[in-house]
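Worksheet: one structure, shown below.
The values are calculated or read from the model by the stated rules, or taken from the named source; none is laboratory data. Here the structure is a predicted model, which means the values were calculated and not measured. We place every Cβ from the backbone using ideal geometry, glycine too, and count neighbours over all the protein chains shown.
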Amino acid sequence: MTAKPSGQRDLRLDFFRGLSLWFIFIDHIPFNRMSWMTIRNYGFSDAAEIFVFISGYTAAFVYGRMMREQGFVVAGARILKRAWQLYVAFIFLSVIYIAQIAYVAHSFENPLFAEEMVTMHFLSRPEIVLLEVLRLRFLLANADVLPLYIVLMAVFPAILWLMLRAPTVGLALSIAVWAAAYFGGVNFNLYPTGRGWFFNPFAWQLLFSIGAWCAIAGGEWIRVLRESNVVITLCVIYLIGAFAMQTTTWSPRWLNILPEWLVIFPLNKSGMSPLRLAHFLALALVTVHLVPQNAKWLSSPLAQPLILCGRHSLEVFCLSVFLSYTAGFILIEYSSALYMQVLVSLGGVLAMVGLAALMSWYKSLGQRPPRTQAA
Amino acid sequence: MTGTKVSIRMVAAAAAVAALLEPARANEACYVPPFLVEPHGALHRVAEAAKRDKQLSIVIVSGSPSQVGGTKGRRSYPSYLEAALKKRLPEIDVRIDIRVKTRRPASDLLTLLPAIAEEAKPSLVIWQIGTVDTLLQTDVGAFTRTLEKGVAAVAERGADAILLDMQYSPRTDRLLLDYSPYLDTIRDIADTAKVPLFDRYEIMRYWNVAGTFDLTSLKDDGLYEKIHTCIGELLADFILRGAGMKESKGIGG
């Protein structure tokens with residue numbers, strides 16, 4: 001289906017990033033029972049962690065080499081170009097989102113929800129709303145992974161510069177910033193509520209930086225940890241414990257089974273709770289333990305749709321934000337029956353794969369020798 | 001599929017009503033599965049006041065005027081609740097007072113509670129909560145403490161309490177507002193303090209899924225009256241069951 005991957009490309013990164021994109025999409029459709037399939041119900045961490053970590057890893061891998069070979073300016077400029085693309089995509093998605101809210105607010109005459117509609121009054125000042133969108137202060141509900149990504153990429157030249165010279169210092173600095181967010185509540189503010197970003201960039205940069213650190217300096221560490229049976233056993237025990245804990249959130253009644261001191265939910269997702277972080281890292285270690293880089297099934301046709309999506313993650317992620325809103329709109333406006341939930345979920349995933357295939361095709365056009373006939 | 005499951009349930013409910021030969025039309029139209037309107041916690045004061053003093057004084061505290069009678073020319077659930085209670089308890093003097101602090105969060109309503117308990121001496125305080133705090137995005141920790149204090153304040157002054165959570169509004173829910181942290185808090189407090197929670201959110205969500213009412217309607221097409229009638233009816237039975245004055249194994253109504 002696609003060209004043979006180059007020797008260095010780690011298909012696991014593409015595969016699991018693709019998987020996290022599918023999960024994020026399914027989780028972001030409101031009232032979607034398909035979200036029972038995604039990992040967030042079976043442990044502390046969820047698809048967002050996978051996505052951010054792999055994004056950090058890949059960014060460091062790709063731009064790190066560029067920075068070594070072509071210097072700080074060239075690599076930095078490339079990274080900022082990427083951040084700019086993300087920013088433009090974000091503005092585009094926000095316009096669609098605001099249009100949807102405006103449509104509802106404009107045609108709303110039902111007195112039953114008079115109180116709830118107060119929340120849409122901010123639309124009466126479009127000049128402010130638009131400015132706040134540009135300033136990243138008005139974020140699409142439930143989808144601010146994208147602005148997080150923008151901020152991370154915008155500062156990534158500096159992170160990468162440091163990581164390449166003194167990875168340990170870089171990681172320590174990242175942990176310090178996380179602590180300021182987790183314990184001190186440092187965060188960006190949102191319009192109109194003044195609340196912080198759900199994906200607090202000061203906290204979530206830690207995972208991105210850990211990803212970058214792994215790509216640059218962590219290879220040996222990962223090898224040792226991955227091959228240690230003790231470590232893997234501990235990880236598995238932690239994952240099983242987390243799973244058992246998570247099952248109690250499936251029903252409010254079950255939460256009562258736990259003794260008071262064990263009731264840890266909800267874990268702080270905005271501030272990246274250490275329990276979530278540990279859960280993700282354990283999951284990642286067990287995964288690299290089980291799935292070697294040259295695992296056969298990664299080249300099987302069945303894995304290709306996921307790998308494709310992971311390879312074009314920016315485009316696919318943006319589409320998925322748009323799709324999850326559209327899907328929510330369809331479920332609210334037409335029918336939210338279970339078959340509709342299945343339908344919009346499947347349809348969305350197909351659209352994501354379709355876009356990824358299209359992007360690959362575009363890319364292959366650019367790489368073809370000019371004399372080859374384009375069929 | 002859900003659709004079929006629900007309709008079987010609805011048919012069963014309708015059949016049960018018919019079998020009882022009770023022309024409970026409102027109950028039928030307002031059907032929700034019984035567990036959604038089962039009070040977890042007893043209303044001793046209500047039972048006592050009704051039996052001994054033959055009177056029932058209720059105060060409804062709310063930060064959302066349009067939901068408790070602030071909208072001109074519309075009857076809202078407190079009014080329907082009063083009518084339903086009077087119908088069910090003809091020999092008892094039922095009085096309902098409403099205290100509103102327009103679009104003020106729970107912490108502001110909390111300051112009202114002691115005075116209400118002193119002067120109105122109600123047997124029951126229904127604390128309608130959640131909407132304004134979700135809108136204002138109150139700090140969830142502060143919201144939790146407010147609720148705990150409020151529930152304790154009512155109990156201290158010898159009245160029963162019922163928590164009544166926000167409406168389920170499919171459009172604003174998730175599109176702009178995330179109710180879940182506030183809902184979870186309300187449910188937690190109700191659970192730990194053994195205060196009956198009238199879970200309006202789940203009830204309305206059920207109606208929307210079951211197709212009883214289309215809550216996505218944009219128009220002013222009588223939905224307001226229908227929902228408030230049903231909430232009033234269900235709440236009346238909820239109170240009576242909490243006070244042990246009605247069988248628990250009803251068919252939801």
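So for segment A:320-333 (the condition being modelled with pLDDT under 90, within 23 Å of A:GLN100 (Cβ to Cβ) and over 26 Å from the mean Cα position of the chain (by Cα)), does at least one residue qualify?
So far as segment A:320-333 goes, yes, one or more of its residues are modelled with pLDDT under 90, within 23 Å of A:GLN100 (Cβ to Cβ) and over 26 Å from the mean Cα position of the chain (by Cα).
For A:ALA172, all conditions in the list (1) surrounded by fewer than 18 Cβ atoms within 10 Å (Cβ to Cβ); (2) away from every other protein chain (no Cβ under 14 Å); (3) assigned to a loop (DSSP other than H, G, I, E, B) hold save one; what is the number of the exception?
Only one criterion is unmet by A:ALA172, namely (3).
For segment A:331-341, give me each residue that is closer than 23 Å to A:VAL95 by Cβ and facing chain B (nearest Cβ under 7 Å).
A:ILE332, A:GLU333
Does A:PHE72 fit the bill of being modelled with pLDDT of 90 or more and surrounded by 19 or more Cβ atoms within 10 Å (Cβ to Cβ)?
So A:PHE72 does not fit the description; no.
Could you please find all residues in segment A:310-330 being closer than 17 Å to A:ALA89 by Cα and either away from chain B (no Cβ under 14 Å) or not in a helix (DSSP H, G or I) (or both)? Show your work before the answer.
Narrowing segment A:310-330 to residues closer than 17 Å to A:ALA89 by Cα: A:312-326.
Scanning segment A:310-330 gives A:HIS312, A:SER313, A:LEU314, A:GLU315, A:VAL316, A:PHE317, A:CYS318, A:LEU319, A:SER320, A:PHE322, A:LEU323.
Report the residue count in segment B:230-253 for those that are at pLDDT 95 or above and among the β-branched types (Val, Ile, Thr).
Within segment B:230-253, residues that are at pLDDT 95 or above and among the β-branched types (Val, Ile, Thr) number 2.
Of all residues in segment B:28-87, how many are over 21 Å from B:ILE203 (Cβ atoms), of a type in the set (Ser, Thr, Tyr) and in a loop (DSSP other than H, G, I, E, B)?
Number of matching residues: 0.
Looking only at segment A:142-163, which residues are of a type outside the set (Gly, Ala, Ser) and either touching a Lys or Arg at 6+ places or on another chain (Cβ under 7 Å) or not in a helix (DSSP H, G or I) (or both)?
The first filter runs over segment A:142-163 and keeps only residues of a type outside the set (Gly, Ala, Ser), leaving A:142, A:144-153, A:155-157, A:159-163.
Once the filter is applied, which keeps residues that are of a type outside the set (Gly, Ala, Ser) and either touching a Lys or Arg at 6+ places or on another chain (Cβ under 7 Å) or not in a helix (DSSP H, G or I) (or both), segment A:142-163 yields A:ASN142, A:ASP144, A:MET153.
Please list, ordered by first then second residue, the pairs with beta carbon atoms under 6 Å, 6 or more apart or interchain, first in segment A:174-202 and small (Gly, Ala, Ser), second modelled with pLDDT of 95 or more.
A:SER174/A:LEU206; A:SER174/A:SER209; A:ALA181/A:PHE202; A:ALA181/A:ALA203
Got a sec? Which of B:SER169, B:SER180, B:SER123 is out of contact with any Gly (no Cβ under 8 Å at 6 or more places or on another chain), of a type in the set (S, T, N, Q) and at pLDDT 90 or above?
Values: B:SER169 fails: at pLDDT 90 or above; B:SER180 fails: at pLDDT 90 or above.
The conditions single out B:SER123.
Spot the failing condition for B:LEU163; the list is (1) outside any loop (DSSP other than H, G, I, E, B); (2) under 21 Å from B:SER76 (Cβ atoms); (3) among the hydrophobic types (A, V, I, L, M, F, W, C); (4) within 13 Å of chain A (Cβ to nearest Cβ), and only one is missed.
Only one criterion in (1) outside any loop (DSSP other than H, G, I, E, B); (2) under 21 Å from B:SER76 (Cβ atoms); (3) among the hydrophobic types (A, V, I, L, M, F, W, C); (4) within 13 Å of chain A (Cβ to nearest Cβ) is unmet by B:LEU163, namely (4).
Go through the residues of segment B:98-109 one by one and say whether even a single one is among the polar types (S, T, N, Q) and touching a Pro at 6+ places or on another chain (Cβ under 6 Å). Even if it seems obvious, please write down each step before you answer.
Narrowing segment B:98-109 to residues among the polar types (S, T, N, Q): B:102, B:107.
Subset that is touching a Pro at 6+ places or on another chain (Cβ under 6 Å): B:102.
Scanning segment B:98-109 turns up at least one residue that is among the polar types (S, T, N, Q) and touching a Pro at 6+ places or on another chain (Cβ under 6 Å).
Of all the residues that make up segment B:166-202, how many are in a loop (DSSP other than H, G, I, E, B), of a type in the set (A, V, I, L, M) and more than 9 Å from chain A (Cβ to nearest Cβ)? Give the derivation first.
We begin by selecting, within segment B:166-202, every residue in a loop (DSSP other than H, G, I, E, B); these are B:166-172, B:174-176, B:178-179, B:194-196, B:199.
Now restrict to residues that are of a type in the set (A, V, I, L, M): B:166, B:175-176, B:195.
With more than 9 Å from chain A (Cβ to nearest Cβ) added as a condition, the list becomes B:195.
Count: 1.
Just to verify a result, which residue in segment A:78-131, among those that are in contact (Cβ under 8 Å) with a residue 60 or more places away in the chain and over 30 Å from A:LEU160 (Cβ atoms), is farthest from the other protein chains (Cβ to nearest Cβ)? Let's see the steps before the verdict.
Here is the first cut: in segment A:78-131, the ones in contact (Cβ under 8 Å) with a residue 60 or more places away in the chain are A:79-80, A:82-83, A:85-87, A:89-90, A:92-93, A:96-97, A:100, A:122, A:128-129.
Filter once more, so that each one left must be over 30 Å from A:LEU160 (Cβ atoms): A:96-97, A:100, A:122, A:128-129.
Details: A:ILE96: 13, A:TYR97: 9, A:GLN100: 7, A:PHE122: 9, A:ILE128: 16, A:VAL129: 12 Å.
Of everything passing the filter in segment A:78-131, A:ILE128 is farthest from the other protein chains (Cβ to nearest Cβ).
Looking only at segment A:75-90, count how many residues are surrounded by 13 or more Cβ atoms within 10 Å (Cβ to Cβ), out of contact with any helix residue (DSSP H, G or I) (no Cβ under 6 Å at 6 or more places or on another chain) and within 15 Å of A:VAL145 (Cα to Cα).
Residues flagged as surrounded by 13 or more Cβ atoms within 10 Å (Cβ to Cβ), out of contact with any helix residue (DSSP H, G or I) (no Cβ under 6 Å at 6 or more places or on another chain) and within 15 Å of A:VAL145 (Cα to Cα) within segment A:75-90 amount to 1.
Only one residue in A:GLU132, A:GLU116, A:GLU109 is among the acidic types (Asp, Glu), part of a helix (DSSP H, G or I) and surrounded by fewer than 19 Cβ atoms within 10 Å (Cβ to Cβ), so which one is that? Outline the logic, then answer.
Details: A:GLU116 fails: surrounded by fewer than 19 Cβ atoms within 10 Å (Cβ to Cβ); A:GLU109 fails: part of a helix (DSSP H, G or I).
Answer to the selection: A:GLU132.
Within segment A:112-169, which residues are over 22 Å from A:PHE188 (Cβ atoms), in contact with a helix residue (DSSP H, G or I) (Cβ under 7 Å, 6 or more places away or on another chain) and of a type in the set (Val, Ile, Thr)?
Once the filter is applied, which keeps residues that are over 22 Å from A:PHE188 (Cβ atoms), in contact with a helix residue (DSSP H, G or I) (Cβ under 7 Å, 6 or more places away or on another chain) and of a type in the set (Val, Ile, Thr), segment A:112-169 yields A:VAL118, A:VAL169.
Can you work out which of the residues in segment B:104-144 that are of a type in the set (Asp, Glu) and assigned to a helix (DSSP H, G or I) is nearest to the other protein chains (Cβ to nearest Cβ)? Give the derivation first.
Within segment B:104-144, the subset of a type in the set (Asp, Glu) is B:108, B:118-119, B:133, B:139.
From what's left, assigned to a helix (DSSP H, G or I): B:108, B:118-119, B:133.
On the way: B:ASP108: 15, B:GLU118: 28, B:GLU119: 27, B:ASP133: 12 Å.
That would be B:ASP133.
If we keep just the residues of segment A:176-211 that are surrounded by fewer than 17 Cβ atoms within 10 Å (Cβ to Cβ) and small (Gly, Ala, Ser), which is nearest to A:ALA59 (Cα to Cα)?
If we take residues in segment A:176-211 being surrounded by fewer than 17 Cβ atoms within 10 Å (Cβ to Cβ) and small (Gly, Ala, Ser), then A:ALA176 is nearest to A:ALA59 (Cα to Cα).
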